Ligand code: ZN
């Protein structure tokens, strides 16, 4: 079975379309979207439409991110930095009631026999904790049953693994060790922050027991000019070029 998983689209339609075109070539059995469909970028409604279509036509599993919950009024954005706050306020002003209702109904976790998925952390998913170091990973490995947990949220791909001890590594291709458990951050479609501006997604092939983090180029200039045309903060356009 092949899973294609993607996260943190952040209303970047050009990046999403590039990822979906690449994903189609993988011929996945299951698509999984780990949340943050909206926020930061200029095409929140269009990105929601794409994801809803994938859900209806291809059975894509979709869970909520913190920006999705903030944009529909389900959680507070008071603690956000000013860029995120401005983007959320703008997003709220352009989304339809139907779009907000869609976001408000998204579940916080995904699971099947092979994997667990959550936007931020298995511990208190609705509190949007980050898993950034070994201590965070240690606590979170105790909060899910599956062997593998896929997450987004930090926009930086990283693999935490537990096999007696817990450690982490950053690499594009991971051959799963049968004795290990994993928490895998799959990076971001629409606003990568690992210094690589290309859109990220993950492919998990259960037959080969391999997880790959893949990167695809997209029309960055188009996404940037839409952000500027919408009157969103210029830095939200600029950062896309640097992947930070
Ligand atoms: Zn995000």
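The values are calculated or read from the model by the stated rules, or taken from the named source; none is laboratory data. These numbers come from a predicted model, not from an experiment. Using ideal geometry, Cβ is built from the backbone for each residue, glycine included, and neighbour counts are taken over all protein chains shown.
When residue 76 is tested against (1) away from the ligand (no atom under 15 Å from the Cβ); (2) modelled with pLDDT of 95 or more; (3) in contact with a helix residue (DSSP H, G or I) (Cβ under 8 Å, 6 or more places away or on another chain); (4) over 24 Å from residue 27 (Cα atoms), exactly one condition is not met: (2).
Looking at the range 1-79, the helices (runs of 4 or more DSSP H) lying wholly inside it that each contain 1 or more residues that are under 16 Å from residue 153 (Cβ atoms) sit at 66-71.
Answer yes or no as to whether residue 15 is within 23 Å of residue 204 (Cα to Cα) and modelled with pLDDT of 95 or more. It is true that residue 15 is within 23 Å of residue 204 (Cα to Cα) and modelled with pLDDT of 95 or more.
Residue pairs whose Cβ atoms lie under 9 Å apart, separated by 6 or more positions or on different chains, with the first residue in the range 20-48 and farther than 26 Å from residue 232 by Cβ and modelled with pLDDT of 95 or more and the second in a loop (DSSP other than H, G, I, E, B) and within 16 Å of the ligand (Cβ to nearest atom), are 32/7; 32/63. Would you confirm whether or not the range 218-241 contains a residue that is within 16 Å of the ligand (Cβ to nearest atom), crowded, with 20+ Cβ neighbours inside 10 Å and part of a strand (DSSP E or B)? No.
Could you count how many residues in the range 132-151 are within 16 Å of the ligand (Cβ to nearest atom) and touching a strand residue (DSSP E or B) at 6+ places or on another chain (Cβ under 6 Å)?
The first filter runs over the range 132-151 and keeps only residues within 16 Å of the ligand (Cβ to nearest atom), leaving 132, 150-151.
Narrowing further to those that are touching a strand residue (DSSP E or B) at 6+ places or on another chain (Cβ under 6 Å): 150-151.
Of the residues in the range 132-151, 2 are within 16 Å of the ligand (Cβ to nearest atom) and touching a strand residue (DSSP E or B) at 6+ places or on another chain (Cβ under 6 Å).
Listed residues 95, 83, 106; which is at pLDDT below 95 and in contact with a helix residue (DSSP H, G or I) (Cβ under 8 Å, 6 or more places away or on another chain)?
Details: 95 fails: at pLDDT below 95; 106 fails: at pLDDT below 95.
One residue alone meets the criteria, 83.
More than 15 Å from the ligand (Cβ to nearest atom), buried (at least 19 other Cβ atoms within 10 Å of the Cβ), under 18 Å from the mean Cα position of the chain (by Cα) and more than 14 Å from residue 182 (Cβ to Cβ): is that true of residue 116 in this structure? The answer is no for residue 116.
Scanning the range 55-70 for residues that are more than 16 Å from the chain's Cα centre (by Cα) and either without any contact (Cβ under 8 Å) to a residue 24 or more places away in the chain or within 16 Å of the ligand (Cβ to nearest atom) (or both) gives 56, 57. Counting only residues that are within 16 Å of the ligand (Cβ to nearest atom) and either in contact (Cβ under 8 Å) with a residue 60 or more places away in the chain or part of a loop (DSSP other than H, G, I, E, B) (or both), how many does the range 157-191 have? Qualifying residue count for the region: 7. In summary, residue 111 fulfils each of the numbered conditions (1) out of contact with any helix residue (DSSP H, G or I) (no Cβ under 9 Å at 6 or more places or on another chain); (2) on the phi > 0 side of the Ramachandran plot; (3) modelled with pLDDT of 95 or more with the single exception of condition (2). Tell me, please, whether a residue that is part of a helix (DSSP H, G or I), more than 16 Å from the ligand (Cβ to nearest atom), crowded, with 16+ Cβ neighbours inside 10 Å and under 16 Å from the mean Cα position of the chain (by Cα) can be found in the range 99-111. Checked the range 99-111: no residue is part of a helix (DSSP H, G or I), more than 16 Å from the ligand (Cβ to nearest atom), crowded, with 16+ Cβ neighbours inside 10 Å and under 16 Å from the mean Cα position of the chain (by Cα).
Of note, residue 123 does not satisfy the criterion of being surrounded by 19 or more Cβ atoms within 10 Å (Cβ to Cβ) and either touching a strand residue (DSSP E or B) at 6+ places or on another chain (Cβ under 6 Å) or farther than 19 Å from residue 212 by Cα (or both). Taking the conditions (1) more than 16 Å from the chain's Cα centre (by Cα); (2) within 16 Å of the ligand (Cβ to nearest atom) in turn, residue 154 satisfies each one other than (1).
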